[in-house]
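Asks: Dumping the structure here so I can ask a few things about it.
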Amino acid sequence: MKFGGTSMAGTERIRRVAGIVKRQQEAGHEVAVVVSAMAGETDRLVNFCREANALYDRAEYDVVVAAGEQVTSGLLALHLQALGCKARSWLGWQLPVRTDDAHAAARIEDIESQALLASMAAGEIAVIPGFQGLDPDGRVTTLGRGGSDTSAVAVAAAVHADRCDIYTDVDGVYTTDPRIVAKARKLKYVTYEEMLELASVGSKVLQTRSVSLAMKEGVRVQVLSSFIDESAPLADSIPGTMIVSDEELEGTDMERQLITGIAADKNEAKVTLTRVADRPGAVAAIFGPLAEANINVDMIIQNIAKDKGETDVTFTCPQADLARTQALLEERKDAIGYYRMIADSKVAKVSVVGVGMRSHAGVASTMFKALADRGINIQAISTSEIKVSVLIDSDEVELAVRVLHTAYELDAA
């Protein structure tokens, strides 16, 4: 069971979570719980780091921001004990959750589960702080924003859990954000691939890496709401959204939608380098240093070379990494050989996702026509086998999502 920040935001909500957890144990399950920091707490800790040093050391950043989950894991264990449950917290370094040394974006390499399994078999509820781990040098690491989802799936895989229930502030995965489109529909099933694409392009329900890990390890994940009465049915019978393999959906009579969902991400920034030399190695000189700094680059556009043997290169990166990206590229301006760097943080990415794209033509053209009809300009395009993404002005995101939701006939009746 995993509970996000809004589910852990204060004493009353943590007490309610303890009641939900207790009922699962009483139903005969061995239970491990992964918790996030209280809503807003990680942002507060991140701001402390930025105030201390805008170009902060990521190892020390991890020490600070990992504290949020430590607080909620201890508090939930205390609430469970108050309800008469045997419970204890296991910090990332106590299991341990072993990761690589990419601070602030670490990847889980292994979880030693023997002590955890023994504790659970003895009737103890394990409460584990998400988001945190231990690097090869014994230093605290964090997994990146939303990393508690990854922690939960990793723990589920390590203990061979029947299911990983992700309790969040929504009651499942919808065709798009219901706050933007009131007629968005909740989906009963979503495949790993579809959820992976939705998560990677802005759906905030699950973190991308958690879905990737679930697919790799074959962990069945259920998304459901923690904002339920303690007398509500157990998660075994609550109709959330199950994230499963294509194979599990084969044999069901469910009619597959051409498009599963539409996602939007405002946390994007666009960077353009002008008059880059059109020669072998020029692009590697740009993106090599960014990769070494663990900065994820998404859309990349290289214009056709001009007569002078020069080209413009445009790419997107997370807004949070824009300052570091600019600093790195400025340092290497002579080595790369560009003329000017232009940054724009007022952009957003809108994507349509669905496995039905594999067997249907015209998905992209429907998207482009719908946006054009409403005067929404497309700045960049990227595609995969089951996804089409466009970069647009951030002020037009909500309009674009509503237009596309209607264009693909996803509105609920």
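The values are calculated or read from the model by the stated rules, or taken from the named source; none is laboratory data. The structure presented is a predicted model; accordingly, all values stated were derived computationally and were not measured. FYI the Cβ positions are ideal-geometry reconstructions off the backbone, even for glycines, and counts take in every protein chain you see. Heavy atoms of the whole protein, side chains included, go into the accessibility calculation; ligands, DNA and RNA do not. Shrake-Rupley method; radii C 1.70, N 1.55, O 1.52, S 1.80 Å.
Asks: With respect to Ala370, determine if the residue is surrounded by 13 or more Cβ atoms within 10 Å (Cβ to Cβ) and either part of a strand (DSSP E or B) or at pLDDT below 95 (or both).
Replies: Against the criterion (surrounded by 13 or more Cβ atoms within 10 Å (Cβ to Cβ) and either part of a strand (DSSP E or B) or at pLDDT below 95 (or both)), Ala370 does not qualify.
Asks: Of all residues in the stretch 194-218, which are crowded, with 24+ Cβ neighbours inside 10 Å, outside any helix (DSSP H, G or I) and either free of Cβ contacts under 8 Å to residues at least 12 places away in the same chain or over 8 Å from the mean Cα position of the chain (by Cα) (or both)?
Replies: Selection gives Val201 alone.
Asks: Right, here's the next one. Any idea how many residues of the stretch 30-63 are more than 20 Å from Ala320 (Cα to Cα) and open to solvent by 70 Å² or more (accessible area, probe 1.4 Å)?
Replies: The total comes to 1.
Asks: Looking at Tyr338, Tyr408, can you tell me which residue is over 24 Å from the mean Cα position of the chain (by Cα), within 20 Å of Pro178 (Cβ to Cβ) and buried (at least 17 other Cβ atoms within 10 Å of the Cβ)?
Replies: Criteria check complete, one pass: Tyr408.
Asks: Of all residues in the stretch 278-314, count the ones that are within 13 Å of Gly337 (Cβ to Cβ), open to solvent by less than 50 Å² (accessible area, probe 1.4 Å) and either under 21 Å from the mean Cα position of the chain (by Cα) or free of Cβ contacts under 8 Å to residues at least 12 places away in the same chain (or both).
Replies: Total satisfying the criteria: 1.
Asks: Might you check whether a residue that is in a loop (DSSP other than H, G, I, E, B), touching a residue at least 60 places away in the same chain (Cβ under 8 Å), surrounded by 14 or more Cβ atoms within 10 Å (Cβ to Cβ) and among the aliphatic types (A, V, I, L, M) occurs anywhere in the stretch 342-357?
Replies: No, there is no match, as no residue in the stretch 342-357 is in a loop (DSSP other than H, G, I, E, B), touching a residue at least 60 places away in the same chain (Cβ under 8 Å), surrounded by 14 or more Cβ atoms within 10 Å (Cβ to Cβ) and among the aliphatic types (A, V, I, L, M).
Asks: I've got another one for you. Pull out all pairs, ordered by first then second residue, where Cβ-Cβ is under 6 Å, the residues are six or more apart or on different chains, the first lies in the stretch 33-47 and is within 30 Å of Gly123 (Cβ to Cβ), and the second is surrounded by fewer than 19 Cβ atoms within 10 Å (Cβ to Cβ).
Replies: Met38/Ala9
Asks: Does the stretch 146-180 hold any residues that are open to solvent by 10 Å² or more (accessible area, probe 1.4 Å), under 21 Å from Ala412 (Cα atoms) and among the hydrophobic types (A, V, I, L, M, F, W, C), and which are they?
Replies: Val170, Ile180
Asks: Same structure, new question: How many residues does the stretch 109-123 contain that are crowded, with 17+ Cβ neighbours inside 10 Å, among the aliphatic types (A, V, I, L, M) and not in a strand (DSSP E or B)?
Replies: 2
Asks: From Ala106, Ala126, Ala156, which residue is in a loop (DSSP other than H, G, I, E, B) and either in contact with a strand residue (DSSP E or B) (Cβ under 8 Å, 6 or more places away or on another chain) or closer than 25 Å to Ala39 by Cα (or both)?
Replies: Ala106
Asks: What's the total number of residues in the stretch 315-332 that are open to solvent by 70 Å² or more (accessible area, probe 1.4 Å), within 17 Å of Val276 (Cα to Cα) and assigned to a helix (DSSP H, G or I)?
Replies: Adding up the residues that qualify gives 2.
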